[in-house]
Amino acid sequence: MENNPLSKTMIKKICIRIESILLELGVFILHCTGKIPSHYVRRYFYRLAGMKIGKGSTVHSGLSLYDPSGITIGDDSIVGERSLLDGRDVLKIGNHVAISSEVMIYNSEHNIHSSTFSAITAPVVINDYVFIGPRAIILPGVIIGEGAVIAAGAVVTKTIAPFTIVAGVPAHAIGERQSKDLHYRLGRARWFR
């Protein structure tokens, strides 16, 4: 019976099912971690799960994650409440980046042209001094240049040049940031946010 192809197929399916359940359990635990009312405790568990978080950076409550091991956040950056970060491919967030509440950053999506509806992934890079407004959505393969501003509710589908201000669905340039010599710091973490 050991050479029976049916047995091997069944064992393979069971193993895939168990792997899927463990992955979902991990996502659930991280989702629960996002509800802990202490920035320092949450940051500890996110780092334990493989996320790289720089000095002075803050991740506010309610964060949803996919595979934190693919996520790197630089120094002095803030991720707002109820945001979503996707680490199924590389997600690199630079220094002094302000991400507002309920922002969704994806680097994996379904290929709608595939007969199997397969997943496709592409890295997302957010450079230093970027501001992303509330409820903006960043899609796979996007690079956001230094100092760019993403307006509230924008859907970013393409790379954004440095210091460009974008808005809309899909996001398009509506202006340019006047100061290009940025040196600000975002400030300290809110302990219970």
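Where a number appears in this text, it was derived from the coordinates with a stated rule and is not lab data. What you see is a predicted model, and the numbers here were worked out from it, not measured in a lab. Note: ideal-geometry Cβ built from the backbone for every residue, glycine included; neighbour counts use all protein chains shown.
Need the C-alpha centroid separation for the range 138-155 versus the range 1-46, integer Å. Between the Cα centres of the range 138-155 and the range 1-46 lies a distance of 31 Å.
Of interest is the spacing of the C-alpha centroids, which for the range 53-75 and the range 88-132 amounts to 13 Å. Is the range 34-176 rounded, prolate or oblate when judged by the Cα gyration tensor, a ≥ b ≥ c being the square roots of its eigenvalues, rounded requiring a/c under 1.5 and prolate requiring a/b larger than b/c? Cα axes put the range 34-176 in the oblate bin. Between 54, 155, 99, whose Cα lies farthest towards the positive end of the dipole of the range 34-176 when Lys and Arg beta carbons carry +1 and Asp and Glu beta carbons carry -1, centred on the Cα centre? Of the options given, the answer is 54. Note on the range 58-193: antiparallel DSSP beta bridges, both residues inside, total approximately 20 percent of the bridges counted. Residues whose amide H falls under 5 Å from that of residue 193, counting only those 5 or more places apart or on a different chain, are 39, with hydrogens built in the peptide plane. Taking 20 Å as the straight-line reach from the Cα of residue 8, the aspartates and glutamates in range (excluding those fewer than 8 positions away in the same chain) are 19. Here's how it looks for residue 160: its modeled amide H is under 5 Å from those of 143, 144, 145, which are all 5 or more places away or on a different chain. Total lysine pairs in the range 34-193 at Cα distances under 25 Å, for residues eight or more apart or on different chains: 9. Taking Cα atoms only, the orientation of helix 39-48 departs from the longest principal axis of the chain by about 50 degrees.
For the range 73-119, just say rounded, prolate or oblate: build the C-alpha gyration tensor, square-root its eigenvalues into a ≥ b ≥ c, call rounded for a/c under 1.5, and beyond that prolate if a/b exceeds b/c, oblate if not. It comes out prolate by the Cα gyration axes.
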